[in-house]
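Single-structure report; data block below.
The values are calculated or read from the model by the stated rules, or taken from the named source; none is laboratory data. Quick caveat, the model's predicted, so the values are computed rather than measured. In this analysis, Cβ positions are derived from the backbone assuming ideal geometry, glycine residues included, and neighbour counts consider all displayed protein chains.
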Amino acid sequence: MTNLDKQIKEYGKNHNVPITKDDTLDFLCQTINKENAKQILEIGTAIAFGSITMAENTSCEHIDTLEKDEQRFKIANENIKNHALQSKISTYLTDAMDYIKNCTKTYDLIYLDGPKGQYVNYLPYLTKILKVGGVIVADNLYFHGMVTGEIPVTKGCRSMIKGLHKYIEQITTNPIFETQILNIGDGVGVTKLKTACK
C-alpha cells in the first residue's frame, strides 16, 4: 500500500467515512480478474479508496463510480487525480437510482456499496445494464450482524435491514441469478446474471 493509499484510509477513519474492509477489497479485485471484467460500475464512491484499489490492482479497463455527497465527491476526485487515474476512473455526482434508470452503457461487474436499503430497488435496473454472465458484488449483506440476527436490529435500521432481507431473497430465489453469500468482511454477495432480464 502506498503512502497516498494510507492517507486516504486515515482520512476515512478520522472523518467517519466508510472504507471497504481489506479482505472485501482483496476479494473484489480477485473477482474482477477471475471474471476478466473490463467495464466496472461502482455504486458508492465515498472518497474513492475502492475505485483506486480496483484500478491499480486489476486488469479492468474503466470504472464508472457514483457518489451523491458533494464533499466526498470533491475529495474522491482529488484522490483520483493524485493517483493519476483520471483516464481510468470516471466519477459522477449523482443519485445512483437516477444514473442506473437512464444508463445506456453495459457493465461486466457492478460493485454495490451504496445505501443498503436501496439494493433491492436498484436490482431491476442493474440487471438491465449488466451483461449476461456479468457479476454483482454487494457489500455489507450482514450489516454488522443485524441481518443474520446475531445482534438486535436497532430502531433506526429496521427499514434498511428489511430491504437487505428482500435483496437477499431476490438474488437467491430468482432463477436468472446464481448467487453465493460469503463470510467475507461484513458479508459479500456474489451474483452472476445467467440469462437476460425480460
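Kindly provide the set of residues from region 26-77 that are β-branched (Val, Ile, Thr), touching a Leu at 6+ places or on another chain (Cβ under 8 Å) and surrounded by 24 or more Cβ atoms within 10 Å (Cβ to Cβ), ordered by number. Steps first, answer last, please.
First, the residues of region 26-77 that are β-branched (Val, Ile, Thr): 31-32, 40, 43, 45, 47, 52-53, 58, 63, 65, 75.
Still in the running and touching a Leu at 6+ places or on another chain (Cβ under 8 Å): 31-32, 40, 43, 45, 52-53, 63, 65.
Matches in region 26-77: 40, 43, 45, 52, 63, 65.
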When region 107-131 is checked residue by residue, the ones that are buried (at least 21 other Cβ atoms within 10 Å of the Cβ) and hydroxyl-bearing (Ser, Thr, Tyr) are 107, 111, 119, 122, 127
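From the residues in region 132-173 that are small (Gly, Ala, Ser) and farther than 24 Å from residue 30 by Cα, which one is surrounded by the most Cβ atoms within 10 Å (Cβ to Cβ)?
Here is the first cut: in region 132-173, the residues small (Gly, Ala, Ser) are 133-134, 138, 145, 149, 156, 159, 163.
Filter once more, so that each one left must be farther than 24 Å from residue 30 by Cα: 145, 149, 156, 159, 163.
Numbers: 145: 13, 149: 10, 156: 7, 159: 12, 163: 17.
For region 132-173, the residue satisfying everything is 163.
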Looking across region 1-56 at residues that are among the aliphatic types (A, V, I, L, M) and touching a Gly at 6+ places or on another chain (Cβ under 8 Å), the single one that is farthest from residue 115 (Cα to Cα) is 37
So, first residue exposed (fewer than 15 other Cβ atoms within 10 Å of the Cβ) in region 89-100, second residue among the charged types (D, E, K, R), Cβ within less than 7 Å, six or more apart or across chains; the pairs are 90/64; 94/68
Among (1) of a type in the set (Val, Ile, Thr); (2) over 22 Å from residue 189 (Cβ atoms); (3) buried (at least 21 other Cβ atoms within 10 Å of the Cβ); (4) free of Cβ contacts under 8 Å to residues at least 40 places away in the same chain, residue 104 falls short only on (3)
Checked region 9-25 for anything surrounded by fewer than 17 Cβ atoms within 10 Å (Cβ to Cβ) and closer than 21 Å to residue 59 by Cβ; matches are 22, 23
Counting only helices (runs of 4 or more DSSP H) wholly inside region 1-62, the ones holding at least 2 residues that are in contact (Cβ under 8 Å) with a residue 60 or more places away in the chain and within 16 Å of residue 110 (Cα to Cα) are 22-34
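Run down 129, 136, 80 and say which single residue is within 26 Å of residue 157 (Cβ to Cβ), in contact with a helix residue (DSSP H, G or I) (Cβ under 7 Å, 6 or more places away or on another chain) and of a type in the set (A, V, I, L, M).
After ruling out the rest, the residue left standing is 136.
Working carefully through the options 88, 128, 81, 74, find the one that is more than 23 Å from residue 177 (Cα to Cα), among the basic types (Lys, Arg) and in contact with a Cys (Cβ under 9 Å, 6 or more places away or on another chain). Reasoning before the result, please.
Values: 128 fails: more than 23 Å from residue 177 (Cα to Cα); 81 fails: in contact with a Cys (Cβ under 9 Å, 6 or more places away or on another chain); 74 fails: in contact with a Cys (Cβ under 9 Å, 6 or more places away or on another chain).
Step by step, each of 88, 128, 81, 74 is checked, and only 88 is more than 23 Å from residue 177 (Cα to Cα), among the basic types (Lys, Arg) and in contact with a Cys (Cβ under 9 Å, 6 or more places away or on another chain).
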Given (1) more than 16 Å from the chain's Cα centre (by Cα); (2) surrounded by fewer than 16 Cβ atoms within 10 Å (Cβ to Cβ); (3) closer than 30 Å to residue 158 by Cβ, residue 6 misses just (3)
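For the condition within 19 Å of residue 109 (Cβ to Cβ) and at pLDDT 95 or above, what is the one hit in 187, 134? Let's see the steps before the verdict.
Values: 187 fails: at pLDDT 95 or above.
Going through 187, 134 in turn, just one is within 19 Å of residue 109 (Cβ to Cβ) and at pLDDT 95 or above: 134.
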Log entry, pairs with first residue in region 141-168 being in contact (Cβ under 8 Å) with a residue 60 or more places away in the chain, second being surrounded by 14 or more Cβ atoms within 10 Å (Cβ to Cβ), beta carbons closer than 7 Å, six or more apart or on different chains, reads none
